[in-house]
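Worksheet for the structure shown next.
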Amino acid sequence: MSLKYRPDIDGLRAIAVLLVIFYHAGFKVISGGFVGVDVFFVISGFLITSIINKDIQKNEFKLFNFYVKRIKRILPSFYVVIFTTLLIGFFLLLPNDFIALGKSFLASSMFFANMFFWKVTGGYFNSSTGEMPLLHIWSLSLEEQFYFIWPFVLLFILKSRANKSIIPLTLVAVICLFIFSEWAAIHKPNAAYYFLLTRAGELLIGALLALTLASGFRLKPSLAKYLSIFGGVLILVPAFSLSKTSVFPGLNSLWPCLGAALIILSGSGSTTLVSKVLSSKLLVFIGLISYPMYLWHWPIIAYINYLNYDLDYVLGGGVILLTTVLAILTWHFVEKRLRRVQLSDVSAFIHIFAIPSLIVFSLSILIIVNDGFDKRLTGNIKYLKVKQILEMPTVSKGWCYQTDSVMNHKESLACSLGIEDGDINAIFIGDSHAGHYQYLVNHIGNKKGLKIATFITSNCFPSLYTTSSENLGGNPALCKAFRTEVKRIVDNNKVQFVFLAARWDANTEWLHETKEALDTFSKRAHKIIIFPQIPSYINNVPQEYLRSTAINWFNKNFVNKLDNSYVLANKKVKNIAEKYENVFYLDLQVFTGNNQELPLFTDEGLPYYFDSHHLNMTGSKMLTKKFMDSPIGNMLIKVAIKN
């Protein structure tokens with residue numbers, strides 16, 4: 001059953017999509033424009049619940065029919081955009097990036113993009129997300145996940161004896177979900193942004209409003225005009241005051257949601273100044289094309305970011321113009337025309353969902369098994385040389401850095417550097433940043449007769465915590481196993497030397513764990529050597545260089561920008577080290593000299609870095625040579641490290 005058309009809701013849609021697009025297009029004044037998504041959630045929850053509730057009350061609600069309507073509404077434009085995005089990606093993206101797009105292509109079509117991007121990115125505002133063309137589909141996936149559950153809940157309650165309690169029950173659910181969302185936003189911010197449970201309260205605010213209005217509740221016109229203005233304030237203030245560093249979602253997402261609800265509520269049965277503005281022809285039209293606008297805007301921006309162009313106001317304005325043109329074309333030639341096509345529910349399910357899904361699955365598998373169609377670049381010698389050098393010293397290359405989750409930890413626990421024979425008399429522990437120090441530690445071990453048990457895996461910073469650690473890294477089980485083995489070795493007084501390395505600027509809040517480990521090591525070992533974090537960059541230097549060798553449209557006027565957070569982190573670690581007589585912190589100058597930076601490229605023009613903050617294998621060798629050529633390095637080997 002259709003609802004009475006409300007142009008002001010289309011106008012509210014326009015405000016929501018414009019906030020999101022202007023924010024993404026680089027208009028920094030709208031620093032919290034991402035709240036537009038929250039406004040969308042409220043509108044969606046309101047409209048869909050209104051439809052479901054009316055159909056249930058008239059005994060006309062059918063689940064299959066409901067989902068087919070969702071398919072007809074969402075998927076045609078959706079497939080036009082994601083297939084176009086994939087086609088452009090074939091010509092623009094490097095093979096590994098095209099594989100990543102293929103995986104997100106599949107995740108998006110199956111509507112679990114929110115979970116996929118959480119696992120892949122770690123967090124929505126991480127720097128890597130700006131180049132992911134289908135990142136924005138997370139919100140559509142979350143919305144559809146909600147509608148896989150909510151109709152069943154609504155149907156169950158409204159058909160039970162608790163039907164008269166539907167409004168208070170929904171209100172309680174909203175309160176509980178926002179309390180949980182606030183907790184998650186503080187304690188698990190990366191997951192909180194993407195998870196259904198932390199966002200469901202926003203959709204349920206719209207649902208609660210729909211149920212309340214269905215019960216006959218209306219505002220007095222005198223109150224409605226003030227509450228509608230207040231609702232606008234609740235949307236616009238967060239849009240201009242929040243930023244990517246704000247705690248979000250949680251309570252900060254509640255205000256724009258309440259604002260949207262107040263505007264919809266105020267416009268129900270009353271004509272207010274806000275509803276008149278929102279009902280203007282321009283805003284209504286933008287609202288009508290808001291869905292294709294949302295779909296198109298992000299792939300355009302992601303590809304611009306990928307090609308290394310900065311989004312200033314001019315380019316951002318161009319993005320908005322192109323987005324609008326593509327949205328109008330999609331709305332006119334896809335959405336409007338398909339509405340006139342008469343398909344049975346079964347036929348619509350097959351032709352709009354089942355067949356395209358099969359095509360998506362097939363294309364995704366083809367991209368993955370063909371290594372992103374890497375043969376596209378087999379004739380590019382420069383690209384192949386750069387690509388070949390972008391490797392880290394991992395287990396697969398014969399080293400000890402374990403990048404993957406492994407079921408059997410036996411081989412990982414037995415890995416060592418230095419001499420091959422004899423008993424373990426030193427240990428080396430750290431996260432991925434310890435990876436590029438393996439050449440150096442191995443060299444020291446061979447030179448001084450040390451057999452060094454080596455425990456390195458991603459994000460497993462130096463600590464002895466095994467049960468209550470605040471961070472166990474990307475391979476928690478392996479990280480626990482490593483720390484347990486380190487404790488066993490140290491408790492048996494088998495070590496003379498301990499080497500530590502980590503990405504310290506990513507672990508400053510957990511340095512108390514490292515300090516407690518040093519308390520133990522300093523009592524059991526002869527000497528503890530702590531390596532500094534190497535200079536990190538805001539931009540991914542080697543990847544940008546790699547792209548410049550393969551993509552004609554790539555902006556080669558890139559500037560390498562240091563991320564100076566490593567400087568303060570190194571100082572904090574040095575201050576801790578100075579509290580112990582037998583802990584030796586290696587200053588970064590041992591490796592950089594007076595330059596304070598490491599060289600970025602070899603004499604042949606090949607990068608030393610693997611990404612923005614790791615060295616590749618060639619860079620690891622360079623780091624070792626820098627150490628051996630320095631007076632402090634030689635002094636350390638001759639004096640500090642003695643058998």
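The values are calculated or read from the model by the stated rules, or taken from the named source; none is laboratory data. Since we're looking at a predicted model, the values are computed, not measured. Backbone-built Cβ (ideal geometry, glycine too); neighbour counts: all protein chains shown. With ligands, DNA and RNA removed, areas are computed over all heavy atoms of the protein, side chains included. Shrake-Rupley method; radii C 1.70, N 1.55, O 1.52, S 1.80 Å.
For every residue, the table says whether it meets (1) farther than 20 Å from Leu413 by Cα; (2) in contact (Cβ under 8 Å) with a residue 24 or more places away in the chain; (3) open to solvent by less than 30 Å² (accessible area, probe 1.4 Å); (4) over 22 Å from the mean Cα position of the chain (by Cα).
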| residue | (1), (2), (3), (4) |
| --- | --- |
| Val495 | no, yes, yes, yes |
| Phe499 | no, yes, yes, yes |
| Asn507 | yes, yes, yes, no |
| Lys527 | yes, yes, no, yes |
| Tyr537 | yes, yes, yes, no |
| Glu544 | yes, yes, yes, no |
| Ala550 | yes, yes, yes, yes |
| Ala569 | yes, yes, yes, yes |
| Lys579 | yes, no, no, yes |
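Step by step: first the residues of the stretch 21-62, then only those that are under 27 Å from Asn126 (Cα atoms) and of a type in the set (D, E, K, R), then the one that is modelled with the lowest pLDDT. Which residue is that? Applying the filter and picking the extreme gives Lys28. Annotation: Val490 fulfils all but one of (1) more than 24 Å from Val590 (Cα to Cα); (2) touching a residue at least 40 places away in the same chain (Cβ under 8 Å); (3) open to solvent by 30 Å² or more (accessible area, probe 1.4 Å); (4) over 34 Å from the mean Cα position of the chain (by Cα); the unmet one is (3).
Contact annotation: residue pairs with Cβ atoms under 9 Å, 6 or more positions apart or on different chains, pairing a residue in the stretch 322-344 that is of a type in the set (Val, Ile, Thr) with a partner that is assigned to a loop (DSSP other than H, G, I, E, B) and at pLDDT 90 or above, are Thr323/Ala25; Thr324/Ile289; Ile328/Ile289; Thr330/Ile289.
The helices (runs of 4 or more DSSP H) falling completely within the stretch 384-486 that include 2 or more residues that are at pLDDT 90 or above map to 432-435, 438-448.
Among the numbered conditions (1) more than 20 Å from Ala506 (Cα to Cα); (2) open to solvent by 30 Å² or more (accessible area, probe 1.4 Å); (3) part of a loop (DSSP other than H, G, I, E, B), the only one that Asp587 does not meet is (1). Scanning the stretch 407-456 for residues that are within 16 Å of Val495 (Cα to Cα), in contact (Cβ under 8 Å) with a residue 60 or more places away in the chain and under 32 Å from the mean Cα position of the chain (by Cα) yields a total of 3. Checking each residue in the stretch 11-54 for being over 19 Å from Thr245 (Cβ atoms), open to solvent by less than 10 Å² (accessible area, probe 1.4 Å) and not hydrophobic (A, V, I, L, M, F, W, C) picks out Gly11, Gly45, Thr49. Kindly check whether there is at least one residue in the stretch 559-567 that is touching a helix residue (DSSP H, G or I) at 6+ places or on another chain (Cβ under 9 Å), in a helix (DSSP H, G or I) and open to solvent by less than 30 Å² (accessible area, probe 1.4 Å). Yes.
Criterion applied to Lys159, Lys164, Lys103 was being basic (Lys, Arg), under 27 Å from Phe373 (Cα atoms) and either touching a residue at least 12 places away in the same chain (Cβ under 8 Å) or open to solvent by 40 Å² or more (accessible area, probe 1.4 Å) (or both), and the one residue passing it is Lys103.
I'd like the residue in the stretch 59-96 that is exposed (fewer than 14 other Cβ atoms within 10 Å of the Cβ) and among the polar types (S, T, N, Q) and, out of all such residues, is farthest from Asn555 (Cα to Cα). Only one residue fits best here, namely Asn59. Take Gly372 and tell me if it is in contact (Cβ under 8 Å) with a residue 12 or more places away in the chain and not in a helix (DSSP H, G or I). Yes, satisfied. Starting from residues that are surrounded by fewer than 19 Cβ atoms within 10 Å (Cβ to Cβ) and in contact with a Leu (Cβ under 8 Å, 6 or more places away or on another chain), keep the ones in the stretch 390-428 and report whichever is nearest to Phe105 (Cα to Cα). Across the stretch 390-428, the extreme among qualifying residues is Ser405.
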